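Asker: Questions regarding the structure given below will be posed in turn.
The values are calculated or read from the model by the stated rules, or taken from the named source; none is laboratory data. Remember, predicted model here, so these are calculated numbers, not experimental data. Glycine gets a Cβ as well: all are built from the backbone with ideal geometry, and neighbour counts include every protein chain shown. Surface areas here come from the heavy atoms of the whole protein model, side chains and all, with no ligands, DNA or RNA. Shrake-Rupley method; radii C 1.70, N 1.55, O 1.52, S 1.80 Å.
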Amino acid sequence: MTRSTTIRAGLALRARVVLLAAEGVSNTAIAVRVGLSRPKVIGWRKRYERSGITGLHDAERSGRPRRIDHAKIVTETLKPPPKRLGVTHWSSRLLAGRLKVGNATVARAWRDYGVQPWRSETFKFSTDPELVAKVTDVVGLYLAPPENAIVLSVDEKSQIQALDRTQKMLPGQPGFPERRTHDYVRHGTSTLFAALEVATGTVTAACKPRHRHQEFLAFLKQVARAYPDDGTGQELHLIMDNYATHKRIEVHNWLAANPRIKVHFTPTSGSWLNLVEVWFGIIERQAIHRGTFTSVTDLNTKIRAFINGWNDRCHPFTWTKTADQILKKANRYPISETAH
């Protein structure tokens with residue numbers, strides 16, 4: 001208790017009193033060392049002698065018992081607000097007015113039960129009947145790729161906006177972050193097609209004005225040229241999501257005519273299994289979100305500059321979760337169990 005960094009300071013102080021007493025230190029000397037009065041030292045020693053470790057903890061405070069049922073407040077919180085209020089969830093003041101209590105009381109009840117009505121998260125259960133097979137297939141490529149094969153994670157980042165701020169950016173200074181105006185001029189959009197080589201982190205990419213199967217097929221041909229057949233039977237394994245463009249008959253026919261290119265689809269609602277999504281997050285944070293672009297051409301030029309710089313400093317993308325670990329979390333819990 002005296003060595004703990006998380007225990008309350010008062011409890012650690014009382015534990016120190018007991019330890020000093022066990023060493024034979026007098027009550028007066030203990031009081032001087034720990035900064036307590038001699039009667040308090042004697043009192044805590046008696047509490048410990050009578051109740052042990054439990055005696056060092058604070059006793060329950062006296063006072064009027066709680067009249068407001070926190071469980072009732074939480075129950076009302078979890079009910080949808082009346083339609084006449086026109087709100088999607090309760091605020092502490094809105095619920096307090098309905099229950100005729102103080103908003104601080106409502107806030108304490110929420111804190112006791114861990115209820116946070118102002119927060120909202122998203123979820124998505126995959127309904128793919130081949131969920132297990134696809135997860136096992138994709139994760140297997142990450143963890144144990146086939147011999148003499150290159151694994152590429154392929155996808156597109158569409159609707160990238162070429163935004164130009166109405167005034168010049170103000171650079172960051174000591175005490176001030178970089179600042180930009182809230183309004184902007186939109187010059188158009190571009191679509192970034194990318195193929196991430198999992199083993200090295202190298203990216204093959206192309207910026208296209210539209211997002212159709214024609215552009216996707218042209219990009220696949222670009223990828224095939226970037227990884228030509230070296231005569232050793234080397235295969236290209238492409239990991240893609242279930243976007244309709246990826247499954248067009250024109251794309252299917254081209255893949256059939258190029259048997260060294262194997263396609264592996266992620267499960268429905270499981271595009272997060274595609275590692276190129278991680279790279280899309282990197283380019284968004286480092287080159288696009290805070291960028292200013294005077295035209296779509298300027299946007300494409302700066303995206304290409306980032307990709308060239310990335311390929312000079314790229315690193316492998318390492319997958320760590322096994323298929324069993326992913327499926328254990330992806331499966332929905334049966335609601336008939338008592339743990340629900």
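Asker: For region 275-320, which residues satisfy the criterion of being of a type in the set (Ser, Thr, Tyr) and assigned to a helix (DSSP H, G or I)?
Answerer: Result: Thr297, Thr301.
Asker: Scan region 11-30 for residues that are touching a residue at least 12 places away in the same chain (Cβ under 8 Å) and open to solvent by less than 80 Å² (accessible area, probe 1.4 Å) and jot them down. Show your work before the answer.
Answerer: First pass over region 11-30, keeping only residues touching a residue at least 12 places away in the same chain (Cβ under 8 Å): 11, 13-21, 27, 30.
Result: Leu11, Leu13, Arg14, Ala15, Val17, Val18, Leu20, Ala21, Asn27, Ile30.
Asker: From the list Ser153, Ser190, which residue is closer than 20 Å to Thr268 by Cα, assigned to a strand (DSSP E or B) and touching a residue at least 24 places away in the same chain (Cβ under 8 Å)?
Answerer: Residue meeting the stated conditions: Ser153.
Asker: Something else about it: Return the residue satisfying two criteria in turn: it lies in region 110-140 and is part of a loop (DSSP other than H, G, I, E, B) and of a type in the set (D, E, K, R), and of such residues it is modelled with the highest pLDDT. Write out each step before concluding.
Answerer: Of the residues in region 110-140, the ones part of a loop (DSSP other than H, G, I, E, B) are 114-130.
Then keep just the ones that are of a type in the set (D, E, K, R); that gives 119, 121, 124, 128, 130.
Details: Arg119: 92, Glu121: 86, Lys124: 76, Asp128: 81, Glu130: 86.
The extreme case among them is Arg119.
Asker: Right, here's the next one. Name the residue, out of Thr245, Thr297, that is on the phi < 0 side of the Ramachandran plot, open to solvent by less than 40 Å² (accessible area, probe 1.4 Å) and touching a strand residue (DSSP E or B) at 6+ places or on another chain (Cβ under 9 Å).
Answerer: Thr245
Asker: For region 90-109, enumerate the residues that are assigned to a loop (DSSP other than H, G, I, E, B) and of a type in the set (A, V, I, L, M, F, W, C). If you could, list the steps in order and put the result at the bottom.
Answerer: Filtering region 90-109 down to residues assigned to a loop (DSSP other than H, G, I, E, B) leaves 90-91, 100-102.
Those that are assigned to a loop (DSSP other than H, G, I, E, B) and of a type in the set (A, V, I, L, M, F, W, C): Trp90, Val101.
Asker: Can you name the condition, by its number, that Trp272 falls short on among (1) under 21 Å from the mean Cα position of the chain (by Cα); (2) touching a residue at least 24 places away in the same chain (Cβ under 8 Å)?
Answerer: Only one criterion in (1) under 21 Å from the mean Cα position of the chain (by Cα); (2) touching a residue at least 24 places away in the same chain (Cβ under 8 Å) is unmet by Trp272, namely (2).
Asker: May I pose another question? Would you check if His182 is of a type outside the set (A, V, I, L, M, F, W, C), open to solvent by 80 Å² or more (accessible area, probe 1.4 Å) and out of contact with any His (no Cβ under 9 Å at 6 or more places or on another chain)?
Answerer: Details: of a type outside the set (A, V, I, L, M, F, W, C): yes; open to solvent by 80 Å² or more (accessible area, probe 1.4 Å): yes; out of contact with any His (no Cβ under 9 Å at 6 or more places or on another chain): yes.
Spelling it out, His182 is indeed of a type outside the set (A, V, I, L, M, F, W, C), open to solvent by 80 Å² or more (accessible area, probe 1.4 Å) and out of contact with any His (no Cβ under 9 Å at 6 or more places or on another chain).
Asker: How many residues does region 133-151 contain that are over 23 Å from the mean Cα position of the chain (by Cα) and either open to solvent by 50 Å² or more (accessible area, probe 1.4 Å) or under 12 Å from Val276 (Cβ atoms) (or both)?
Answerer: Here the count works out to 8.
Asker: Got at least one residue in region 205-224 being in contact (Cβ under 8 Å) with a residue 12 or more places away in the chain and in contact with a Gly (Cβ under 9 Å, 6 or more places away or on another chain)?
Answerer: Within region 205-224, one or more residues are in contact (Cβ under 8 Å) with a residue 12 or more places away in the chain and in contact with a Gly (Cβ under 9 Å, 6 or more places away or on another chain).
Asker: From the set of residues in region 43-59 that are among the charged types (D, E, K, R) and assigned to a helix (DSSP H, G or I), which is surrounded by the fewest Cβ atoms within 10 Å (Cβ to Cβ)? Break it down stepwise before answering.
Answerer: Here is the first cut: in region 43-59, the ones among the charged types (D, E, K, R) are 45-47, 49-50, 58.
In the following step, the residues that additionally are assigned to a helix (DSSP H, G or I) were identified as 45-47, 49-50.
Details: Arg45: 19, Lys46: 11, Arg47: 18, Glu49: 11, Arg50: 9.
The extreme case among them is Arg50.
Asker: State yes or no: is Val154 of a type outside the set (Gly, Ala, Ser), open to solvent by less than 20 Å² (accessible area, probe 1.4 Å), modelled with pLDDT of 90 or more and under 29 Å from Pro316 (Cβ atoms)? Break it down stepwise before answering.
Answerer: Values: of a type outside the set (Gly, Ala, Ser): yes; open to solvent by less than 20 Å² (accessible area, probe 1.4 Å): yes; modelled with pLDDT of 90 or more: yes; under 29 Å from Pro316 (Cβ atoms): yes.
So Val154 fits the description; yes.
Asker: Let me ask another. From the list Lys79, Lys40, Lys72, pick out the single residue that is open to solvent by 60 Å² or more (accessible area, probe 1.4 Å) and not in a helix (DSSP H, G or I).
Answerer: Working: Lys40 fails: not in a helix (DSSP H, G or I); Lys72 fails: not in a helix (DSSP H, G or I).
The conditions single out Lys79.
Asker: Shifting gears a bit: Exactly one condition in (1) assigned to a helix (DSSP H, G or I); (2) touching a Leu at 6+ places or on another chain (Cβ under 8 Å) is not met by Val87; state its number.
Answerer: For Val87, the exception is condition (1).
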